[in-house]
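The structure under discussion appears below in the form of structure tokens.
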Amino acid sequence: QVQLVESGEGLVQAGASLRLSCAASGRTSSTITLGWFRQAPGREREFVAAITWRGGNTYYANSVKGRFTISRDNAKNTVSLQMNSLKPEDTAVYYCAAGLVGVSTMASGYYYWGQGTQVTVSS
């Protein structure tokens with residue numbers, strides 16, 4: 001069992017930055033990939049970014065590439081998402097997720113999920 005707790009909820013203006021963090025606990029040794037997804041009202045959950053727990057290889061959705069950076073701290077069992085140049089279309093609930101197999105951009109590829117944290121970007 002892996003528990004994930006997100007933090008960093010915020011309301012910011014377009015162009016601002018925000019940093020989300022996700023603290024993992026439990027059987028984190030079984031985790032292969034940590035990812036961030038987001039879900040806006042009326043829309044399906046979509047992939048944002050992922051990082052492999054050991055190698056630190058990163059993957060991004062085209063919509064956030066160049067603006068968002070995912071990183072992990074293995075010693076602290078945390079994964080972060082630095083979000084720069086935020087846009088109103090980035091407004092969503094952001095979820096941290098842990099996968100037990102290889103990297104996936106599909107929500108079905110992740111087994112454990114956090115409760116989500118709200119990010120609101122005003123124009």
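Here are the numbers for the structure shown:
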quantity	calculated
Count of residues meeting criterion [more than 16 Å from the chain's Cα centre (by Cα) and either within 19 Å of N62 (Cβ to Cβ) or in contact (Cβ under 8 Å) with a residue 24 or more places away in the chain (or both)] in segment 26-45	5
Matching residues in segment 33-67 - criterion: being of a type in the set (S, T, N, Q) and within 12 Å of V93 (Cβ to Cβ)	Q39
Positions within segment 75-101 being open to solvent by 50 Å² or more (accessible area, probe 1.4 Å) and within 23 Å of S30 (Cα to Cα), in sequence order	A75, K76, L100, V101
Residue within segment 103-110 that is surrounded by 15 or more Cβ atoms within 10 Å (Cβ to Cβ), within 15 Å of the chain's Cα centre (by Cα), in a loop (DSSP other than H, G, I, E, B) and β-branched (V, I, T) present	yes
Single unsatisfied condition, G114 versus (1) without any contact (Cβ under 8 Å) to a residue 40 or more places away in the chain; (2) open to solvent by less than 40 Å² (accessible area, probe 1.4 Å); (3) not charged (D, E, K, R)	(1)
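The values are calculated or read from the model by the stated rules, or taken from the named source; none is laboratory data. These figures come from a predicted structure and were not determined experimentally. Counting neighbours? That spans all protein chains shown, and the Cβs are built from the backbone with ideal geometry, glycine included. Accessible surface is based on the protein model in full, side chains and every heavy atom, while ligands, DNA and RNA are left aside. Shrake-Rupley method; radii C 1.70, N 1.55, O 1.52, S 1.80 Å.
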